[in-house]
Each structure stands twice: as C-alpha cells, then as structure tokens.
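Okay, so here's the structure we're looking at.
The values are calculated or read from the model by the stated rules, or taken from the named source; none is laboratory data. Computed from a predicted structure; not experimentally measured. Cβ sites come from the backbone with ideal geometry, for glycine too, and all protein chains shown count toward neighbours.
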Amino acid sequence: MIRDLLNEFGNVFAAMPSRHPRHRILKLLDEAIRRDVHFIDRHPTTFFQCMWNTGSWQAPEDSPDMGVAADETLNASALAWLLEDWRSDREMARVNGPWLRSLRPPASPLGGAQHASLIGHMMAITRLAYSPDGRLLASGGIDQVVRVWDTASARQLGMTQDLGASLWGIAFTPDNRKLVCSHLMSPKISVFDVETMACELFWQPHVLGTTAMALSSASGLLATSGSVSDRSVRLWDPITGDKLWSIETPNALTMSLDFSPNGE
C-alpha cells in the first residue's frame, strides 16, 4: 500500500509544475514517507506515528500574523498544520491503539540534503557502488550480504544469500546487469546477476585474498591486486573469469586500483 502511494506521488510530480503552490508540501510529504518507507511497509499501522515524528517539527516559531511572508510560512508550516489536523481527526474518531510521540526533532529536518534512509544491513556497511546509469545503488558490509536499491524510490530490489565473508569491493558492469564483488578474508571474486541476485560465477584471482579491485566503465574489464603472498596486479574478464594480463609488484602491496576514463 505505501509503495503504491509513493508511485502516486511520482505521477503527481510528473504532472505538477514545480511552481505550483502545493508542490512544496507534497515534496515534504514524499520525503517523510521515503525516510520510513521500509518500516511503514512492514508495520502499516505506524504510518501516522512516523509522519508525525518526522513532519510535525516543520512549523517555524513565527505565526502567519507576525510578519512572515505568506508563501514562506506555507512552505515551512503546511505539513505541520496538516499533521495537527490529522491528529485531531484521530482523537475525534477515537482511533484505537497507542502511538509514540518523539520529544526530539529528527537529526536531519525535511527539505534538507537527506532524501531517504536505506535500512536493511544489520552491521556496518563497508562498500557502496552506483550503477553506471545511476538508477541502482549496491551496498555491502560486515553482515556478509549485498543489497541492491532503487535510487528513485529508496526501495530494496534484491539481496544475496549469506556470502560467507564480509564485502571488500563492489562494482557494476557497464551494462548495469552484473555485480562484481570481492571479499574480506576470502580469496574469491563473485559475480551476481542484478535482477535475480544469483551468483553466476566465482573464482580465486590471488592466493590468499584481494587487497583492491576496480572495474573499467569503458571496457568492462576487472583489475585486482593480491596480498602479501601474491604481490601482483591482474586483469580479468569478469563475465568468464579468464585472466588477460598480470604484472608482479614484489616491493609493495597495492591497496588501491582505478582505470583511466577511456579504460586503458
């Protein structure tokens, strides 16, 4: 239900001019929902509670009668007034069930730089990667799971099974269809299908582990570097796992890799 509501917001924004007097409050409502969309989706009865605790703090100290410009007051206060009306309607209708009212404003107010919260990982996140087209975001970390998110809706699209090791590196292939991952304390490279999140290929590029990896956005080739027992940089085809090139680096560990923009 809540995701259908977000889709409706998207349709309204597509049809409504940005200068429309109600555009601002709708954007704030949309942002408030997206911040807690995963929690509301699992617990629909908390919809009002989440909206109140995020949006009721929008009202400025000044009232419309104290010299504040009308359009500015509307932008800053309309959401708070709307939620206050909603609260009054709930009380008049004697809606059953308690709700928790926050006594502190959110750390990041609506209308600021934060647009959504992506909630799912149970432990620290170590790596993030955007797809080349910007539509997807991949995240992974110590909980040994990779998740893929839709950047427009902040919705989780899929996740892997337990990888058996924490994530160390992550990158999308240029066609946005595959996800290449390296792992901490594990020597393997894994390749996942973005749509199904199934592991399609894995191999061991170095003896003990991979200290760094990079995937070229131009050629789609993968570069990896080895740890203490295997000081080398190697170039791979991530679709087949075939090694294409290798160079030894015996005097130092390679901790970071990158490709030039043209992929060479």
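Looking only at region 124-133, decide whether some residue is within 23 Å of Leu28 (Cα to Cα), touching a Phe, Trp or Tyr at 6+ places or on another chain (Cβ under 7 Å), surrounded by 15 or more Cβ atoms within 10 Å (Cβ to Cβ) and at pLDDT 85 or above. Full working, then the answer.
Just the residues of region 124-133 that are within 23 Å of Leu28 (Cα to Cα), to begin with: none.
Looking for residues that are within 23 Å of Leu28 (Cα to Cα), touching a Phe, Trp or Tyr at 6+ places or on another chain (Cβ under 7 Å), surrounded by 15 or more Cβ atoms within 10 Å (Cβ to Cβ) and at pLDDT 85 or above, one finds none in region 124-133, hence no.
Out of Thr196, Thr240, Thr249, Thr224, report the one residue that is of a type outside the set (A, V, I, L, M) and in contact (Cβ under 8 Å) with a residue 40 or more places away in the chain.
Of the residues listed, the single one that is of a type outside the set (A, V, I, L, M) and in contact (Cβ under 8 Å) with a residue 40 or more places away in the chain is Thr224.
Name the pairs: first residue in region 111-139 and more than 17 Å from Arg35 (Cα to Cα), second residue acidic (Asp, Glu), Cβ to Cβ under 9 Å, at least 6 apart or on different chains?
Met122/Asp143; Met123/Asp143; Ala124/Asp143; Ile125/Asp143; Pro132/Asp175; Arg135/Asp150; Leu136/Asp150
Counting only residues that are loosely packed, with under 14 Cβ neighbours inside 10 Å, give me the helices (runs of 4 or more DSSP H) lying completely in region 1-58 with at least 3 of them.
Values: elements: 2-15, 23-35, 37-42, 47-55.
The qualifying helices (runs of 4 or more DSSP H) are 2-15.
Being touching a residue at least 24 places away in the same chain (Cβ under 8 Å) and among the β-branched types (Val, Ile, Thr) is the filter here; which residues of region 203-221 pass it?
Looking only at region 203-221, we keep the residues that are touching a residue at least 24 places away in the same chain (Cβ under 8 Å), and these are 203, 205-206, 209-221.
Scanning region 203-221 gives Thr210, Thr211.
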